[in-house]
Amino acid sequence: MFKINSFPSHLGFGWLKPEARTETDTEIAIDYFFIDKAVHRVLYKKKHDNWLIKDVLELPGRLSGGRTLREAVFMHFKVMNCFKDPVFQYVLTKVIRLGNINFEYLESRNSEGGTIGFYPAGRVVVFRLPVLKASTEKRKIDFLTRNTQYSNDEGRNVLKLNDQYESSIILTRKSGEREVFPVLMFEYNIILASIYEAAEWICRNNMISKEKHLRMIIQDVKEKAVMNFRTYQGGPKDIYSTYSILFKGIFDTVDEFSEFNEKAI
């Protein structure tokens, strides 16, 4: 049965706007906004006592339903295909325009191991921000270490430091020569609705270096499951052919990751 507080403050990529609520004899509907665009519409069907989520950025939008809003949310974001999803593509474009950011596509239900769902967030991503361990970057390290949490003017918690550890970036030059850069990795788990605000805060404070191999990487939170070694291709104008970054898993100890790091470099 519907309750007055059944609409959560955020859902998927959007934040609720109470003024965007409508009600008829048959349904109650409310829109969720990403920045200034309505992206999801949640509908409660009174007669059938069930819920629908519809993407409204482009029509006709993707539609999912469930006996409860929780069921509808899990279904809607489980089947999301980032390659084709207009809402994801809109969010992706807005975020990467902020700065030197690589926003990787999220896992789909067809991916190995499937997806990890959250309510009401739908999905969660991890921000991975490498900062060179160098005297020239002391300001960034001090700022990020000191400001472990950011809340917006409305008091909404947007970003909180989840992990900080020493890692390495390995550049392989086109000549075959390898160069290793020690970095401090700052990681944040972010709900979909806060992606833009969190990335904007990091960029506004000039925390991301301009070099491609030092860009911030946004990944599906599943990537935190285990430590891994991710390799990215360089471009025609880059002096290197590839660069690799070592990422720590959520359950790895500092000693375990340190050993992994030493073997890799």
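Tabulated data
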| read-out | value |
| --- | --- |
| Rounded Å value of the spacing that divides the Cα centres of segment 124-162 and segment 65-101 | 24 Å |
| Loop GluC sites (Glu not before Pro), segment 157-265 (other Cβ atoms within 10 Å of the site Cβ: 11 or fewer; DSSP) | E177 |
| Cα-based helix-to-principal-axis angle, 195-204 vs the chain, degrees rounded to 10 | 40 degrees |
| Value of relative contact order over segment 81-211, rounded to a whole percent, pairs C-alpha under 8 Å and six or more apart | 29 percent |
| Net +/- balance of residues flanking D153 in space, Cβ distance below 15 Å, scoring K and R +1, D and E -1 | -1 |
| Translational diffusion of segment 43-107, µm² s⁻¹ [Kirkwood Rh, Cα pairs; Stokes-Einstein; 10 °C; 1.306 mPa s] | 120 µm²/s |
| F83 paired with R109, simple spin-label distance in nm, labels 7 Å along Cα-to-beta-carbon | 1.7 nm |
| Zero-based 10 Å bins, Cα pair distances in segment 156-244, whole percents | 14, 43, 33, 10, 1 |
| Label point distance in nm, R97-E137, each placed 7 Å from Cα along Cα→Cβ | 2.8 nm |
| log₁₀ of I(q)/I(0) at q = 0.21 Å⁻¹ - segment 69-124, Debye sum with one point per alpha carbon | -0.84 |
| Rg in Å to one decimal, and Dmax rounded to a whole Å, for segment 1-117 via C-alpha atoms | 14.9, 49 |
| Cα-based radius of gyration of segment 37-184 once divided by 2.2 N^0.38 Å, which approximates compact folds | 1.37 |
| Fraction of alpha-carbon pairs over 34 Å apart in the chain - percent | 25 percent |
| Mean separation of Cα contacts under 8 Å (6+ apart) over length of the chain, as relative contact order % | 16 percent |
| Whole-percent carbon and sulfur share, accessible surface of the chain, 1.4 Å | 51 percent |
| Relative contact order [Cα under 8 Å, 6+ residues apart], segment 195-265, whole percent | 24 percent |
| Stokes-Einstein translational diffusion, segment 1-64 - Kirkwood Rh over all Cα pairs, 0.692 mPa s, 37 °C, in µm²/s | 276 µm²/s |
| Net charge contributed by nearby residues that have their C-beta within less than 12 Å of K224 (K/R +1, D/E -1) | -2 |
| Gain on full stretching of the segment that runs from F229 to S175 - 0.36 nm per residue minus C-alpha separation | 17.3 nm |
| In degrees, nearest ten, helix 254-264 long axis to first principal axis of the chain (Cα) | 60 degrees |
| Solvent exposure of segment 98-153 as accessible area per residue, Å², 1.4 Å probe | 51 Å² |
| Value at 222 nm in deg cm²/dmol, rounded to 500, when DSSP H runs of n ≥ 4 in the chain each add -39,500 (n - 2.57) | -5500 deg cm²/dmol |
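The values are calculated or read from the model by the stated rules, or taken from the named source; none is laboratory data. Quick caveat, the model's predicted, so the values are computed rather than measured. Counting neighbours? That spans all protein chains shown, and the Cβs are built from the backbone with ideal geometry, glycine included. The area values use the complete protein model at the heavy-atom level, side chains included, leaving out ligands, DNA and RNA. Shrake-Rupley method; radii C 1.70, N 1.55, O 1.52, S 1.80 Å.
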